1. Looking at this structure, is Ala456 surrounded by fewer than 17 Cβ atoms within 10 Å (Cβ to Cβ), in contact with a strand residue (DSSP E or B) (Cβ under 8 Å, 6 or more places away or on another chain) and either modelled with pLDDT under 95 or assigned to a strand (DSSP E or B) (or both)?
2. Identify the residue in the stretch 198-214 that is in a loop (DSSP other than H, G, I, E, B) and within 12 Å of Arg40 (Cα to Cα) and, among all such residues, is most open to solvent (accessible area, probe 1.4 Å).
3. Go through (1) under 45 Å from the mean Cα position of the chain (by Cα); (2) open to solvent by 80 Å² or more (accessible area, probe 1.4 Å) and name the single condition Gly114 misses.
4. Please enumerate the residues belonging to the stretch 215-237 that are more than 20 Å from the chain's Cα centre (by Cα) and open to solvent by 10 Å² or more (accessible area, probe 1.4 Å).
5. What are the residue pairs meeting all of these: first residue in the stretch 559-574, first residue within 14 Å of Phe587 (Cβ to Cβ), second residue among the small types (Gly, Ala, Ser), Cβ atoms under 7 Å, and 6 or more apart or on different chains?
6. When the residues of the stretch 303-332 are filtered to those that are closer than 29 Å to Met525 by Cα and charged (D, E, K, R), which remaining residue is nearest to the chain's Cα centre (by Cα)?
7. Do we find that Glu588 is open to solvent by 10 Å² or more (accessible area, probe 1.4 Å), modelled with pLDDT of 90 or more and more than 27 Å from the chain's Cα centre (by Cα) in this structure?
8. From the residues in the stretch 335-373 that are open to solvent by 60 Å² or more (accessible area, probe 1.4 Å) and in contact (Cβ under 8 Å) with a residue 40 or more places away in the chain, which one is nearest to Ile308 (Cα to Cα)?
Amino acid sequence: MRPPENPAFAPVSAPAATLKRLERLGIRRRFDLVLHLPLRYEDETHLYPIVDAPYGQPVLVEGEVIAQEIQFKPRRQLVVQIEDRTGTLVLRFIHFYPSQQKQLARGRRVRALGEIRRGFFGDEMVHPKLREVAEGEPLAESLTPIYPTVNGLTQPVLRRMIHRELDTLPLPDTLPDAVRTALRLMAFDEAVKLLHRPPPAYSAQQLADPMLPAWQRLKFDELLAQQLSMRLAYRARRQGRAPVIQGDGHLRQALSANLPFALTGAQQRVLMEITTDMAKPHPMNRLLQGDVGSGKTIVAALSALAAIEAGFQVALMAPTEILAEQHYLKLSAWLEPLGIRVAWLSGSLRKKARGEMLADIADGSARLAVGTHALFQEDVAFETLGLVIVDEQHRFGVGQRLALQGKGGAPHQLMMSATPIPRTLAMSFYADLDVSVIDELPPGRTPIVTKLINNARRDEVVGFVDRACHEGQQAYWVCPLIEESETLQLQTAVDTHLQLSEDLPHRRVGLVHGRMKPQEKAEVMAAFSRNEIQVLVATTVIEVGVDVPNASLMVIEHAERMGLAQLHQLRGRVGRGAARSTCVLMFEAPLSELAKARLKVIYENTDGFEIARQDLQIRGPGEFLGARQSGVPMLRFADLEKDLALLESARGLAPEMLKSWPREAEAHLDRWLAGREHFLKA
């Protein structure tokens, strides 16, 4: 893609050891050095007299060494005293080398940069940055950039390398002049040079301001590169070939007639979007979003029937065995009365059963295959795979999703998520997908009351559970761990099960956790569904997919340890029947500020999209999306919440740039993405 003669994309020239260290910083090309921007700035432009230097901020002082000694109490340390015309200052080094002792010999003149604090024997600096100087040596004319680095790569070496590229590399602008003028953006070369070599008039506070025109330009360029790559990915997918799926509707009509409920307007709308996409000759890549309990599963079932009507097979993959099995049981109950064979495939199947399932899938007897990651193993072959449905898609890596998609050449793909994605993330990281949103809950869903209760009031909660069971309701009791942890000191599910069995002698208390055998889990869940178990103690394996309408009480222990998406998913396990439902969030005091913020959000909100928006603000996109394991590209400079206006502009410009300025668009992508594969979405 990038022109090989462009010197900006040539590899960095440096000794092998330096190249290794640069590689750890993501620096391979000469241009990568230009984009390696300062982390902060040090002010060596102003020299303070020792007596006037303020506390609590980095200051530069200069003085002559008048004393030096190694002290051994309370630990070995180097203590140096310097003096200027106004006073004296102690420089203290807890860790030091013989070279520092030599540099700080009596009579040497040094400049020290650091924060002054009050010490036991007077004012002192601990581990200041030092430089030996001659008397009257001029000060720096501008702020000194400090770069992200690794051990063995010093700031002076990195600074020299970056400044050399700034002086020698051509830095033409990749934005057309008309665009830059319309958006009032700074020229690219001016922006990077200002950040690497700030003029004397700029303060550290000004350079840290995200609204600084130089930062705005760099952030816009990054967002534009991302939008361009997403547009190209979208275009490439739309140019691919996929089977045209146009069923006659007889199976969908039969299922709809048997349902005890009618589809909501939102469900009908997204189903139309999905079936319209599948009727086109290029692969559908659609994300189906819906809050907890919005009815995504029936939409998935009807979408699957559209493919089956047209003679194709469907694969539905879920991240956990318990969720996959819930899907299998529900879909079997809906589809098998219509004469459709549904296959179940998981890693725990015995060899004979697995062989039978594989044969049914391969010869087309099974029209729908439901399972976990076992679906994309090498020995799984489909006769005519037309549609792939991936539930809780964010829990799968990009490679896993593509492996399943590759089972049928180029099947249509429907990804589902009950973790709502905030608008800014959808615009940024899912810009290469079509998105459908179920923004309406089915009628009759009862509001869930959320309570925050200190763990010290545990007995009251147990009594609350007992009363709910006495009234014929059922309860979940969720614990975050299944065995004792000395570091976290959390109550375990196993211990809680034993304790609740003692506290509730007239109730049957069940236990389910991730280390149980699948058959054991299935038996416990089935007994809970039949109300043979009144209280189900569980780990977070019940986070998604479990649907027991009679369960009206959810107790979550150590809620302060869980994320907002997880808490919202767990809370959504209740409120599915006619009875008033309650979610009790038990916490252990004292709470950290982060835990307080999370619990406040979940207590005050029931809308999953609003919870997701605030979760993004608290955690940032990397954690929110599970980016490191999911293959989602991350941003280096832009902040999606704070830079929404820039994102909107970049999103609007990307298609116009690909159409009207394709050469500039290609140059822009080369500049930002070459050698940075993590920006590209698979």
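The values are calculated or read from the model by the stated rules, or taken from the named source; none is laboratory data. Note that the structure is predicted; figures quoted are calculated from it, not measured. Please note: Cβ atoms are built from the backbone with ideal geometry, for glycine as well, and neighbour counts cover all protein chains shown. When the accessible area is computed, the model is the full protein with side chains, heavy atoms only, and any ligands, DNA or RNA have been set aside. Shrake-Rupley method; radii C 1.70, N 1.55, O 1.52, S 1.80 Å.
1. No: the conditions fail for Ala456.
2. Asp209
3. Every condition holds for Gly114 apart from (2).
4. Answer for the stretch 215-237, where residues must be more than 20 Å from the chain's Cα centre (by Cα) and open to solvent by 10 Å² or more (accessible area, probe 1.4 Å): Trp215, Gln216, Arg231, Leu232, Ala233, Tyr234, Arg235, Ala236, Arg237.
5. Every condition considered, the pairs that remain are Glu560/Ala595; Leu567/Ala559.
6. Ranking the qualifying residues of the stretch 303-332, first place goes to Glu321.
7. In short, no.
8. Pro337
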